[in-house]
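The structure under discussion appears below in the form of structure tokens.
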Amino acid sequence: MYQDLKKLFWWRRMNRDSAAFVAQCGTCNRIKAEKKRPAGLLKPLDIPMWKWEKITMDFIVGLPRTPKGNDSIWVIVDRLTKSAHFIPVKATHNAPRLAELYVQNMLRLHGVPISIVSDRGPQFTAKFWKSLHEALGTKLDYSTAYHPQTNGQTERVNQLLEDLLRACVLTYGPNWEDSLPFAEFSYNNIYQASIKMSPFQALYGHQCRTPLMWEEAGERQFFGPAMLVEAAENVAKSETASE
């Protein structure tokens, strides 16, 4: 088209306009043969054989800064049981500091995983982070750029966590860090359609007793009425937000 047009006409950016016109032409799009290699079907990640041996992780950033200086949440999810840990962090944390938190909150509880799926954030592509997991024997799998569905499980947990935090912030205000334990407890104790049970039940084999039932078992004398009421109210808010 451009070769034919330039014999009779001329205007600035004529080649670009010709290409844009052809790209939007319905007839051209229907009849032209595809010259690119077929992308193929999406292949889902394989199902892990055991709990916390294959995990995913991501960050929720841009949160209000708390009195402790944290402005982000590190979300770590077990691909088999869907159970998760929510760790408050700073956006400025480097790979060595994240490694310390990883040992304190993950290795201490669940041991060394076989693989970790994450995005290509600078924290996860740092040499220290790579060398640490190479020494531990953990394989690092990075999601494809601009394809969040690669790590869709963690993206969905992030959405749910944001809903839980909105409910808790009504009580705590900008100090969302105080509500994070209640949000984690509520998430791990809610029913998941994908596994037909709660993450807590999938991980430990039975449903967790919530603060809403503590009074029936007599724990009120141990915890005290003020702490029990506060815990029950916050868990109730979190569970309502997750429904």
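The values are calculated or read from the model by the stated rules, or taken from the named source; none is laboratory data. Note that this is a predicted model, so its numbers are computed, not measured. Heads up, the Cβs are rebuilt from the backbone with ideal geometry, glycines too, and the neighbour counts pull from every protein chain shown.
Quick check on the range 161-175. Is at least one of its residues assigned to a helix (DSSP H, G or I), among the basic types (Lys, Arg) and at pLDDT 60 or above?
Narrowing the range 161-175 to residues assigned to a helix (DSSP H, G or I): 161-172.
This time we only want the ones that are among the basic types (Lys, Arg), so: 166.
Among the residues that remain, those that are also at pLDDT 60 or above are: 166.
Checking the range 161-175: at least one residue is assigned to a helix (DSSP H, G or I), among the basic types (Lys, Arg) and at pLDDT 60 or above.
On the stretch given as the range 109-142, residues that are among the small types (Gly, Ala, Ser) and within 19 Å of ALA84 (Cα to Cα) total 3. Just one residue in the set LEU80, LEU107 is modelled with pLDDT of 85 or more, not in a loop (DSSP other than H, G, I, E, B) and not charged (D, E, K, R); that residue is LEU107.
Selection of helices (runs of 4 or more DSSP H) fully inside the range 1-46 by the criterion of at least 1 residues being exposed (fewer than 10 other Cβ atoms within 10 Å of the Cβ) and modelled with pLDDT under 70 returns 26-31. Restricted to the range 191-225, and to residues there that are in a loop (DSSP other than H, G, I, E, B) and buried (at least 16 other Cβ atoms within 10 Å of the Cβ), the residue that is modelled with the lowest pLDDT is THR210.
Return yes or no: is ILE73 without any contact (Cβ under 8 Å) to a residue 24 or more places away in the chain and part of a strand (DSSP E or B)? Lay out the reasoning, then the answer.
Values: without any contact (Cβ under 8 Å) to a residue 24 or more places away in the chain: no; part of a strand (DSSP E or B): yes.
No.
Return the residues of the range 110-125 that are more than 21 Å from PRO48 (Cα to Cα) and in a helix (DSSP H, G or I); say none if nothing qualifies. Talk me through it step by step, then tell me what you get.
As a first pass, look at the range 110-125 and keep what is more than 21 Å from PRO48 (Cα to Cα): 120-125.
Matches in the range 110-125: PRO122, GLN123, PHE124, THR125.
If the condition is being β-branched (Val, Ile, Thr) and surrounded by 17 or more Cβ atoms within 10 Å (Cβ to Cβ), then the range 47-74 contributes ILE55, THR56, ILE60, THR66, ILE73.
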